[in-house]
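Note sheet for the following structure.
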Amino acid sequence: MDYQPINFEEKLLKFSEHWSPKIIAQLNDYHLKLAKVHGEFVWHDHPETDEVFIVVKGQLEILFRDGSVLLKEGEMFVVPKGMEHKPVAENECHVLLIEPAGTVNTGDMKDELTAPNNIWI
């Protein structure tokens with residue numbers, strides 16, 4: 001076995017596109033994904049699962065129909081399953097997502113920002 005840590009910075013250098021999460025590890029039935037985000041995403045939900053956002057670099061606002069939460073570096077938030085939300089990043093932000101394997105970034109909604117959910121880096 002090759003015991004090597006996963007370095008977020010090294011992984012983030014391997015891609016440049018926004019709103020296209022890349023898998024960096026698997027924990028049981030969950031994928032850990034890194035994403036670069038900038039601008040506004042789409043309103044969506046995940047009816048079957050919670051979704052956690054961990055800000056690695058920058059700042060991310062998650063809008064809800066009745067409010068919002070602002071996340072800074074080193075902060076996280078769990079969006080409960082079925083809750084409609086819209087991530088927004090005024091400047092480029094790097095996030096770590098933890099979600100069940102196979103989770104699509106736009107939930108059940110298909111959009112131009114729907115990314116493949118099986119890309120490993």
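Scanning segment 9-34 for residues that are surrounded by fewer than 16 Cβ atoms within 10 Å (Cβ to Cβ), within 14 Å of the chain's Cα centre (by Cα) and among the charged types (D, E, K, R) yields one hit, E17. Scanning segment 1-27 for residues that are part of a loop (DSSP other than H, G, I, E, B), more than 22 Å from A101 (Cβ to Cβ) and either touching a Leu at 6+ places or on another chain (Cβ under 8 Å) or in contact (Cβ under 8 Å) with a residue 12 or more places away in the chain (or both) returns a single hit, S16. Taken over segment 28-67, residues that are touching a Cys at 6+ places or on another chain (Cβ under 9 Å) and not in a strand (DSSP E or B) amount to 1. Restricting attention to segment 35-46 and to residues that are in contact with a Ser or Thr (Cβ under 7 Å, 6 or more places away or on another chain) and more than 17 Å from N91 (Cα to Cα), the residue that is surrounded by the most Cβ atoms within 10 Å (Cβ to Cβ) turns out to be H46. When K86 is tested against (1) crowded, with 17+ Cβ neighbours inside 10 Å; (2) modelled with pLDDT of 80 or more, just one condition goes unmet, and that condition is (1). Being touching a Pro at 6+ places or on another chain (Cβ under 8 Å) and among the small types (G, A, S) is a description that applies to A35. On the stretch given as segment 57-68, residues that are surrounded by fewer than 16 Cβ atoms within 10 Å (Cβ to Cβ) and of a type in the set (V, I, T) total 0.
The values are calculated or read from the model by the stated rules, or taken from the named source; none is laboratory data. Owing to the predicted nature of the structure, the values given are computational and were not obtained by experimental measurement. Here Cβ is always computed from backbone atoms with ideal geometry, including for glycine, and neighbour counts include all displayed protein chains.
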